[in-house]
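Read-outs: derived from the displayed coordinates by stated rules, not from any lab. What you see is a predicted model; the values in this text were computed from it and never measured. Cβ placement follows ideal geometry from the backbone for every residue including glycine, while neighbour counts extend to all protein chains displayed.
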């Protein structure tokens, strides 16, 4: 529903939407060791062989721990990679998609406590696929407004476990693996920079929210309408009502806007050779 774009470079300072670039340190991907194979899912009748081939995943990472525990592992690794500890963190943002293990509870506070980030302000960000980018954007805005916060830690983590979610057949064209990420965002003079964040932009398409709601009524509690999260069902309902054309048009327009917004600043002109990567947030299935 919200494609996001960020622009990074290796050790090059280009002023764009921010009055100064932010540094990213300790970017970390944490995946559990256990894997569940597509062939196993086919044998169990959870997936047909044609869909398994379309997904293109031989196996998906499967965690035995709750998502906030995965986030703690990723956050600890990010801090260690940067040579820092939790006491240096002034802001902690945690983003997620699916159930975090407890009702009416803040996973961000749990992560801060386990990392001994006692001085940090923990904030949860639930923004579906764009959660990680949204958290980075919020962290940058907060650091601009309150430089004394120093360093922001951004984590993401999810676990798509039975019985509430079928990681192989719960959606179209996506296999849902478990894992976590983390990074540190700060001014370049706070800590040596690995990557520089020059710009970040988000464009929303609120009219697409029905893709994850479908025709379902509002429920009084999680999974009270359906025993399993079934995104295929809700997307079918959306497409019956709105059609693929409206989805495609809104998606394409949002992506064009977000890329244009991120790259249009005069300060970025002529710097293409110095850019190392660009990454649009996934929107084709949102």
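Quick look at the numbers
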| item | result |
| --- | --- |
| Order of 33, 54 under a 10 Å beta carbon neighbour criterion, fewest first | 33, 54 |
| Cα-projected label distance for residue 119 with residue 187, points at 7 Å along beta-carbon direction, nm | 1.5 |
| Segment residue 239-residue 174, length gained on full extension (0.36 nm per residue, minus Cα span) | 21.6 nm |
| Residue order, fewest to most surrounding Cβ atoms within 10 angstrom, among 49, 169 | 49, 169 |
| Per residue Cα convex hull volume in Å³ - calculated over the stretch 49-125 | 128 |
| Modelled FRET efficiency - R0 22 Å, residue 39 with residue 226, Cβ distances, 0.05 increments | 0.20 |
| Ratio of the Cα radius of gyration of the stretch 4-200 to 2.2 N^0.38 Å, where N counts its residues | 1.10 |
| Of all DSSP beta bridges in the stretch 4-200, antiparallel share, percent nearest 5 | 70 |
| Taking 24, 174 and counting other C-beta atoms within 10 Å, the order from fewest to most | 174, 24 |
| FRET efficiency, 1/(1 + (r/R0)^6) with R0 22 Å, evaluated for residue 87 and residue 148 via beta carbons | 0.90 |
| Cut-off 16 Å, label 7 Å out along Cα→Cβ of residue 218, residues of the stretch 110-145 by amide N | none |
| Distance from the stretch 59-137 to the stretch 193-245 (C-alpha centre basis), Å | 22 |
| Value of D in µm² per second that Stokes-Einstein yields for the stretch 121-177, Kirkwood Rh from Cα pairs, at 25 °C (0.890 mPa s) | 181 |
